[in-house]
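For reference, the structure is listed below as structure tokens.
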Amino acid sequence: MNGKLRNMTSLYITAPGRILCLYRIGSRVANQMYIGSAGGHFEPEELNDARACVLREAQEELGLTEADLDGLALRYITLRLKNGEIRQNYYFFATLKDPSRPLASCEGKLEWIEHSRFPTLKMPGSAKHMILHYLHTGQYDSLLYGGVSTAEGASFVPLQEYDD
């Protein structure tokens with residue numbers, strides 16, 4: 001193992017019974033798959049600030065600022081080993097302050113996906129495991145979950161601060 005890291009963020013915008021996803025076209029990492037509505041790799045100055053990264057990506061890919069979002073929160077952090085890289089993903093969730101606002105993305109096709117469609121949707125492994133956990137558990141609380149994804153599935157635990 002060479003220790004190479006790939007840090008990424010994704011934004012999932014929710015509405016009752018559905019989640020906005022992007023069918024990504026032309027990506028090196030998630031080409032022709034559904035992912036969060038906006039997201040991407042950290043810039044060097046963002047390495048210690050996942051929120052700054054997801055907000056930059058939301059602006060670049062959706063034209064949204066933090067003022068357009070309600071309840072923006074980091075809800076999941078996952079780890080996955082792929083192609084010799086440790087891929088660390090930071091998944092944020094929010095709602096739109098103006099649900100009638102039209103949205104478009106230069107990265108692919110945006111689509112509101114009904115919850116019932118996610119089990120059969122083509123998604124990257126970590127994102128698929130995370131969203132299924134969210135639909136089963138995470139949407140009913142406000143915890144931050146840490147997860148490790150493998151070919152067999154994923155294990156998620158709530159992250160909690162504690163004293164040593």
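Every number in this text was worked out from the coordinates using simple rules, so none of it is lab data. Here the structure is a predicted model, which means the values were calculated and not measured. Cβ atoms come from the backbone with ideal geometry, glycine included; neighbour counts cover every protein chain shown.
Would you be so kind as to identify which of Gln139, Ala127, Gly108 lies farthest towards the positive end of the dipole of segment 101-150, taking Lys and Arg as +1 and Asp and Glu as -1 on Cβ and the Cα centre as origin?
The Cα lying farthest towards the positive end belongs to Gly108.
Report, in debye and to the nearest 20, how large the dipole of segment 4-158 comes out about its Cα centre when Lys and Arg carry +1 and Asp and Glu carry -1 on their Cβ.
Roughly 600 debye for segment 4-158.
Which ordering of Ser149, Ser10 is given by a fewest-first count of other beta-carbon atoms within 10 Å?
So the ranking, lowest neighbour count to highest, is Ser149, Ser10.
In µm²/s, what is D for the chain at 25 °C and 0.890 mPa s, where D = kT/(6 pi eta Rh) by Stokes-Einstein and Rh is the Kirkwood radius from Cα pairs?
D = 153 µm²/s.
Could you work out [θ]222 nm for the chain from helices alone, using -39500 (n - 2.57) per DSSP H run of at least four and dividing by all its residues? Round to the nearest 500 deg cm²/dmol.
Calculated from helices alone, the mean residue ellipticity at 222 nm is -5000 deg cm²/dmol.
Quote the relative contact order of segment 4-158 in percent (integer), defining contacts as alpha-carbon pairs under 8 Å separated by 6+ residues.
28 percent
Two decimals, Cα atoms only, Kirkwood Rh: what is Rg/Rh over segment 101-148?
1.01
Counting other beta carbons within 10 Å of each Cβ, put Val148, Val54 in order, fewest first.
Exposure proxy ranking, most exposed first: Val148, Val54.
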